[in-house]
Amino acid sequence: MTGSAYSRPVSSGDPYVPGRGDVAFEVTHYDLDLDYKMSSNRLSGKALLEVVALAPLAKLHLDLAGLRVSKVTVDGDAVKWAHRGERLNVTLRHRLATDERVRVAIAYAGSPAPVRSPWGEVGWEELDDGVLVASQPSGAPTWFPCNDHPRSKATYRIAIECDSPYEVVATGTLTDKRVRGSRTRRVFEQRRPMATYLAAVHAGQYEQVLLADGPVPQRVVLPAAVKAPVLADLERQPRMMSFFAEVFGRYPFDDYTVVVTADELEIPLEAQGMATFGPNWLRGRGAEERLVAHELAHQWFGNSLTISTWSDIWLNEGFACYAEWLWSEASGAVSADALAEGHRSQLAALPQTLVLADPGPRLMFDDRVYKRGALALHALRRQLGDDTFFALVRAWVATYEHGSVSTAGFVDLVVAHDDRPAVHELLDAWLWRTPLPLLPAATHA
Ligand SMILES: [Zn+2]
């Protein structure tokens, strides 16, 4: 069908984030060479994208917000491009066949800033004396040209040069560090597939502390002034890591870095192999240990197993919230059962207007998605019994490790473990109906 690639609607990405991403192609690798000047908030970059067509293609619709493109080449040849709003349209020299691969190089620069979204400002953000990236769900194009769709997962190499006094970390393992006069260039390699929203850079007047050197290396990057309270609050994280590996399966990445910014942050946020907290969440009293568990659990649920569409957000947040309850129980605090009963009562007092497996973009990050998601899992645990439930969780993680997941895939796996009508009814009631179901009676302790 000649011309179909031209007539594709621009919003061929995710319905919750219209105008972003394109499911007609995937980027399999991003090679980003970045230069950042902190005092002037000036970023210049060269991005090399390895692209594979998933359908016949004459143009590539990429996402890039607020930065200016100076050159685009495809396999080394200069091509036509147009950058309008947050879309960078690249005209290919010849039409790509399905599965055909090209390398797209883009030179760009500007002063990065977050973009407004229905969920607040997201993306690259200047701090008082540093930088953070918090992209979920649509902020990645504020610092690199990308196919901003959660299903498009790629490996990354991020090289970044910045003023030497600043500690800089990015998602991936540090593989090279060179000081050149007053500037330092670091290279981070992410060899596991990563969704665009999970790529991050942090820079600030930070120091690094090793929290555990094995079996999963864990470090903290933080301002020296908050070291004592932060380390007190993260003291049990290595034990949490071992516990989650036991319950969910092996930790999916090479290492784990907790970044604590100098500025206070509204919420903690996960990135790949990384989590970001404001110092307001780690004041040394252990009050928010559930959030330490929540962000760590996202490494399995969200980062290794990445949702295919944003409507499946409960698979990220329900599991991460349930992991908080599992850790509470394992650490000798309140049992998951008691937490479930309590949260069900609280949830029952709120309006029941939300379909868990398709809450709509406005309610995507509503706390009811988190709590109802965790409750759905606890309901399933009671229905299946602990042995089957935890075998199911481990099978879920192992089957889709480093891949993409969907509610349909989850339901298929559940019924492969237990096909009784009561299980189908339970899934239907929790995932697709609005009334809040009762928790089933426990099968056994
Ligand atoms: Zn979360």
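The values are calculated or read from the model by the stated rules, or taken from the named source; none is laboratory data. These numbers were taken from a predicted model, which means no experiment stands behind them. Please note: Cβ atoms are built from the backbone with ideal geometry, for glycine as well, and neighbour counts cover all protein chains shown.
Select, from Val133, Val52, Val104, the only residue that is under 30 Å from Ser164 (Cα atoms), outside the structural domain of Val258 (by TED's automatic domain parsing) and in contact with a strand residue (DSSP E or B) (Cβ under 6 Å, 6 or more places away or on another chain). Before the answer, list the steps.
Details: Val52 fails: under 30 Å from Ser164 (Cα atoms); Val104 fails: under 30 Å from Ser164 (Cα atoms).
Of Val133, Val52, Val104, the one residue that is under 30 Å from Ser164 (Cα atoms), outside the structural domain of Val258 (by TED's automatic domain parsing) and in contact with a strand residue (DSSP E or B) (Cβ under 6 Å, 6 or more places away or on another chain) is Val133.
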Quiz prompt | Residue list for segment 245-260, restricted to those being outside any loop (DSSP other than H, G, I, E, B) and surrounded by 19 or more Cβ atoms within 10 Å (Cβ to Cβ) | solution = Phe248, Tyr256, Thr257, Val258, Val259, Val260
Quiz item: Since Glu341 meets every condition but one in (1) without any contact (Cβ under 8 Å) to a residue 12 or more places away in the chain; (2) over 21 Å from Gly249 (Cα atoms), which condition does it not meet?
Solution: (1)
Practice problem: Looking at (1) part of a helix (DSSP H, G or I); (2) within 16 Å of the ligand (Cβ to nearest atom); (3) in contact with a Phe, Trp or Tyr (Cβ under 9 Å, 6 or more places away or on another chain), find the lone condition where Ala379 falls short. | Solution: (2)
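Residues to consider are Arg372, Arg368; find the one that is surrounded by fewer than 22 Cβ atoms within 10 Å (Cβ to Cβ), part of a helix (DSSP H, G or I) and either within 15 Å of the ligand (Cβ to nearest atom) or modelled with pLDDT under 95 (or both). Even if it seems obvious, please write down each step before you answer.
Values: Arg372 fails: surrounded by fewer than 22 Cβ atoms within 10 Å (Cβ to Cβ).
Result: Arg368 is the single residue among Arg372, Arg368 that is surrounded by fewer than 22 Cβ atoms within 10 Å (Cβ to Cβ), part of a helix (DSSP H, G or I) and either within 15 Å of the ligand (Cβ to nearest atom) or modelled with pLDDT under 95 (or both).
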Quiz item: In this structure, does Glu329 turn out to be within 28 Å of Phe188 (Cα to Cα) and assigned to a helix (DSSP H, G or I)?
Solution: no
Exercise. May I ask you to verify whether Pro361 is free of Cβ contacts under 8 Å to residues at least 40 places away in the same chain and away from the ligand (no atom under 16 Å from the Cβ)?
Key: no
Quiz item: Does segment 157-172 include one or more residues that are within 18 Å of Leu64 (Cβ to Cβ) and either buried (at least 17 other Cβ atoms within 10 Å of the Cβ) or at pLDDT below 95 (or both)?
Solution: yes
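This table checks each residue for (1) in contact (Cβ under 8 Å) with a residue 60 or more places away in the chain; (2) polar (S, T, N, Q).
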{"residue": "Asp386", "(1), (2)": "no, no"}
{"residue": "Trp396", "(1), (2)": "yes, no"}
{"residue": "Ser404", "(1), (2)": "yes, yes"}
{"residue": "Ala408", "(1), (2)": "no, no"}
{"residue": "Ala416", "(1), (2)": "no, no"}
{"residue": "Arg420", "(1), (2)": "no, no"}
{"residue": "Val423", "(1), (2)": "no, no"}
{"residue": "Leu426", "(1), (2)": "no, no"}
{"residue": "Trp432", "(1), (2)": "yes, no"}
Exercise. Could you tell me which residue of segment 302-315 is nearest to the ligand (Cβ to nearest atom), considering only residues that are of a type outside the set (Ser, Thr, Tyr) and more than 9 Å from the chain's Cα centre (by Cα)?
Key: Ile313
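Tell me whether segment 299-318 contains one or more residues that are among the charged types (D, E, K, R) and crowded, with 21+ Cβ neighbours inside 10 Å.
Of the residues in segment 299-318, the ones among the charged types (D, E, K, R) are 312, 317.
With the extra rule that they be crowded, with 21+ Cβ neighbours inside 10 Å, the set shrinks to 312, 317.
Within segment 299-318 (the criterion being among the charged types (D, E, K, R) and crowded, with 21+ Cβ neighbours inside 10 Å), the answer is yes, since at least one residue qualifies.
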Quiz item: When residues of segment 44-64 are filtered for being farther than 10 Å from Cys146 by Cα and in a loop (DSSP other than H, G, I, E, B), how many remain?
Solution: 3
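Residue by residue, here is whether (1) without any contact (Cβ under 8 Å) to a residue 40 or more places away in the chain; (2) surrounded by fewer than 19 Cβ atoms within 10 Å (Cβ to Cβ); (3) closer than 19 Å to Ala287 by Cβ holds:
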residue	(1), (2), (3)
Cys321	no, no, yes
Trp327	no, no, yes
Leu350	yes, yes, no
Ala357	no, no, no
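Taking segment 295-323 on its own, how many of its residues are over 23 Å from Asp254 (Cβ atoms), of a type in the set (Phe, Trp, Tyr) and in contact with a Pro (Cβ under 8 Å, 6 or more places away or on another chain)? Explain how you work it out, then say what you get.
First pass over segment 295-323, keeping only residues over 23 Å from Asp254 (Cβ atoms): 308-315, 317-318, 321-322.
When the remaining residues are screened for being of a type in the set (Phe, Trp, Tyr), the result is 310, 314, 322.
Next cut, in contact with a Pro (Cβ under 8 Å, 6 or more places away or on another chain) only: 310, 314.
The qualifying residues number 2.
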Self-check item: Matching entry among Asp263, Asp337 (being assigned to a helix (DSSP H, G or I), of a type outside the set (Val, Ile, Thr), surrounded by fewer than 20 Cβ atoms within 10 Å (Cβ to Cβ) and away from the ligand (no atom under 14 Å from the Cβ))
Solution: Asp337
Quiz item: Of all residues in segment 32-45, which are buried (at least 17 other Cβ atoms within 10 Å of the Cβ) and of a type outside the set (S, T, N, Q)?
Solution: Leu32, Asp33, Leu34, Tyr36, Met38, Leu43, Gly45
Practice problem: Within segment 272-291, count every residue that is buried (at least 18 other Cβ atoms within 10 Å of the Cβ), more than 12 Å from the ligand (Cβ to nearest atom) and farther than 21 Å from Asp128 by Cα. | Solution: 4
Quiz item: Residues in segment 219-236: is at least one in contact with a helix residue (DSSP H, G or I) (Cβ under 8 Å, 6 or more places away or on another chain), over 18 Å from Leu132 (Cβ atoms) and among the basic types (Lys, Arg)?
Solution: yes
